[in-house]
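What follows is a single structure, written as structure tokens, with notes after it.
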Amino acid sequence: MPDFLTFTLAAPLAAMGDIAVGERRGTWDRPGRSAVLGLVAACLGVDRSDEGTHLALESEFGLALRIERLGPLVADYHTAQVPPARRGRRFATRAEELASGDLGTILSRRDYYADVFVFVALWPRGFGDAEGARGLEKIAIALRTPFYTPYLGRKACPLMLPLNPQIVQAIDPVVALAARAAWHEARDLPFGIRSTIPPLVALDADQAEYFGLQGVHRVELRRDRLVSRRRWQFTLREEAVLEQS
């Protein structure tokens, strides 16, 4: 059976992606693939400018999420500094905007979900068992002692539980995630995972087909597959969503 690295993402507030345009910054109802792999990269000490390592994480690892708990949507209104719009002027990053020198102030709305509890499964694909096992172990060590502080979406969203990585063997990621959920429930850990929604498992549609997973509830298009971390560019991918009992 293949190895899976499972870990916990739990936060009192979480911002989980969505297309960010202008003054409104929304959030998806589950973390994006690029966001979770970005968190893994931060724990490994990978800088955002290191395109090669970020793209290697994107291509070499499969990822599945089990969404156990999702609290209410929370809106945060605050002011933000931005340069005025001018024809022919574009900014690739927030740092470039702040360095422009002619900043104005706008009202910005940013959405968060409260009381978020998600389990993650990570597995190697496309290389041998020994190399894959070493890759998972390296990531597990980094999640236990992260180089950069991990957070769930924004720096204002610290984690409320340790990542607590564990490498397990299972026939597929759904079984690995179910075992992780049962492990937490059996130990009655703080911030228990009493679900407010039926648990969902989400993963790449091609990986769901590869593992022969049954009961796909729907397939969604999400723009969270990394193209360039340096330029903050992402492309579409198909994600299979499965309801769990």
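FYI, it's all coordinate maths here, none of it is from the lab. On a predicted model such as this, the values are computed, not experimentally measured, just so you know. Reconstructed Cβ throughout: ideal geometry from the backbone, glycine too, with neighbour counts over all protein chains shown.
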Legend entry - C-alpha long axis of helix 33-44 to longest principal axis of the chain, angle in °: 90 degrees
Inset, instruction - Compute the distance in nm between two label points, each set 7 Å from the Cα along the Cα-to-Cβ direction, one at THR235 and one at THR105. - result: 4.3 nm
Inset, instruction - When you have a sec, figure out the Kirkwood radius of the stretch 58-160 from all distinct Cα pair distances and drop it here in Å to one decimal? - result: 17.8 Å
Legend entry - Amide H within-cut-off set for ALA170, under 5 Å, with H built and near neighbours excluded: PHE4
Legend entry - Average Cα contact separation per residue, the chain, under 8 Å, 6 or more apart, as relative contact order %: 31 percent
Legend entry - Projected-area mean, the chain, by convex hull of Cα positions, square nanometres: 13.9 nm²
Legend entry - the chain - charge dipole about Cα centre, Lys and Arg +1 at Cβ, Asp and Glu -1, debye rounded to 20: 920 debye
Legend entry - Potential lengthening between GLU96 and ASP29 on full extension [0.36 nm per residue; Cα-Cα distance subtracted]: 21.2 nm
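Please go through the stretch 1-74 and write out the GluC sites (Glu not before Pro) that DSSP classes as loop and that have at most 15 other C-beta atoms within 10 Å.
Hits after loop and neighbour filter: GLU23.
What is the calculated FRET efficiency for ARG223 to ARG154, with r their C-beta to C-beta distance and R₀ = 25 Å, to the nearest 0.05?
0.85
Calculate the dipole size of the stretch 39-158 relative to its Cα centre from +1 charges on Lys and Arg beta carbons and -1 charges on Asp and Glu beta carbons; express the result in debye to the nearest 20. Could the numbers behind the result be given before it?
Details: 16 positive and 15 negative charges, 90 e Å.
Computed about the Cα centre, the dipole is about 440 debye.
For the chain, which longest stretch is free of loop sites, where a loop site is one of the trypsin sites (Lys or Arg not before Pro) that DSSP puts outside H, G, I, E and B and that has at most 11 other Cβ atoms within 10 Å? Show your work: numbers first, answer last.
On the way: sites that count: ARG86, ARG87, ARG89, ARG90, LYS155, ARG194, ARG231.
Here the longest run is 1-85.
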